[in-house]
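The values are calculated or read from the model by the stated rules, or taken from the named source; none is laboratory data. Nothing here was measured: the structure is a model prediction, and the numbers come from that model. Note that each Cβ is placed from the backbone with ideal geometry, even for glycine, and that neighbours are counted across all protein chains shown. Each accessible area value is taken on the protein alone, full model and side chains, heavy atoms only, with ligands, DNA and RNA left out. Shrake-Rupley method; radii C 1.70, N 1.55, O 1.52, S 1.80 Å.
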Amino acid sequence: MATANKNLSQYDKSKLPNTKNFRFGIVVSEWNDHITEGLYKGVIDALLDCGALQKNIIRWNVPGSFELVYGAQRMIVTQEVDVVITIGCVIKGETMHFEFVCEGVTQGIKDLNVQTDVPVIFCLLTDNNEQQSIDRSGGIHGNKGTEAAIAAIKMAELRRVSEIK
């Protein structure tokens, strides 16, 4: 969790594996795009900074956060990626919609991680207000997208070293 004591954008490149041969899939929600584009920027900046090749990064957009699960599943099946990062933002409103979307996406991403051999990274902001989302998508707490990119690199490496020969 992002707090005043932890900046989401801090990482040590020297402790990360070589990324040149990894293929990264990124599925981005268009809903709250002023937030999701900031998260995407954090992902891209970190991946490129860590040596990923632009040609090995695939981006797909989906209408909203609920559609992230389907987009990730289709990317796994059709694009031969080593890892998928899902980017979305759900801000709590006055109805139960927030809970339903957050629960559905959370369970869907969990299911993909259990049912496929491609890691799916959960970069879904689930904040109580817009300012919290701004603070975590390039604001005062750094960028959750950066954190997701680093997790993706580590999980792609875990997948690589754990493959059955």
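Kindly evaluate residue 36 against the criterion of being touching a Cys at 6+ places or on another chain (Cβ under 9 Å), buried (at least 16 other Cβ atoms within 10 Å of the Cβ) and under 29 Å from residue 162 (Cβ atoms).
Here the answer is no, as residue 36 does not meet what is asked.
One residue stands out in the stretch 103-138 among those that are assigned to a strand (DSSP E or B) and either open to solvent by 30 Å² or more (accessible area, probe 1.4 Å) or of a type in the set (A, V, I, L, M) (or both): the one that is modelled with the lowest pLDDT, namely 138.
Inside the stretch 10-33, can you point out the residues that are open to solvent by less than 20 Å² (accessible area, probe 1.4 Å) and within 15 Å of residue 123 (Cα to Cα)?
Within the stretch 10-33, the first condition is being open to solvent by less than 20 Å² (accessible area, probe 1.4 Å), and the residues that meet it are 19, 22, 24-29.
Answer for the stretch 10-33, where residues must be open to solvent by less than 20 Å² (accessible area, probe 1.4 Å) and within 15 Å of residue 123 (Cα to Cα): 24, 25, 26, 27, 28, 29.
Quick check on my filter: what residues within the stretch 47-66 are among the aliphatic types (A, V, I, L, M) and either open to solvent by 20 Å² or more (accessible area, probe 1.4 Å) or under 15 Å from the mean Cα position of the chain (by Cα) (or both)? Result: 47, 48, 53, 57, 58, 62.
For the stretch 71-94, which residues satisfy the criterion of being in contact (Cβ under 8 Å) with a residue 24 or more places away in the chain and either over 22 Å from residue 144 (Cα atoms) or assigned to a helix (DSSP H, G or I) (or both)? Walk me through it before giving the result.
First pass over the stretch 71-94, keeping only residues in contact (Cβ under 8 Å) with a residue 24 or more places away in the chain: 71-73, 75-76, 79-92.
Listed by number, the residues that qualify are 71, 72, 73, 75, 76, 79, 80.
The sole residue among 83, 90 that is in contact with a His (Cβ under 9 Å, 6 or more places away or on another chain) and not basic (Lys, Arg) is 90.
Which ones in the stretch 152-165 are part of a helix (DSSP H, G or I) and either of a type outside the set (A, V, I, L, M, F, W, C) or surrounded by fewer than 18 Cβ atoms within 10 Å (Cβ to Cβ) (or both)? Passing the criteria: 154, 157, 158, 159, 160, 161, 162. Summed over the stretch 67-95, residues that are under 25 Å from residue 135 (Cβ atoms) and exposed (fewer than 13 other Cβ atoms within 10 Å of the Cβ) total 3.
Pairs needed: first member in the stretch 117-132, free of Cβ contacts under 8 Å to residues at least 40 places away in the same chain and farther than 14 Å from residue 38 by Cβ; second member anywhere, assigned to a helix (DSSP H, G or I) and of a type in the set (A, V, I, L, M); C-beta distance under 6 Å; at least 6 residues apart or different chains. Sorted first by the residue in the stretch 117-132, then by its partner, the pairs are 121/148; 121/151; 121/152; 122/109.
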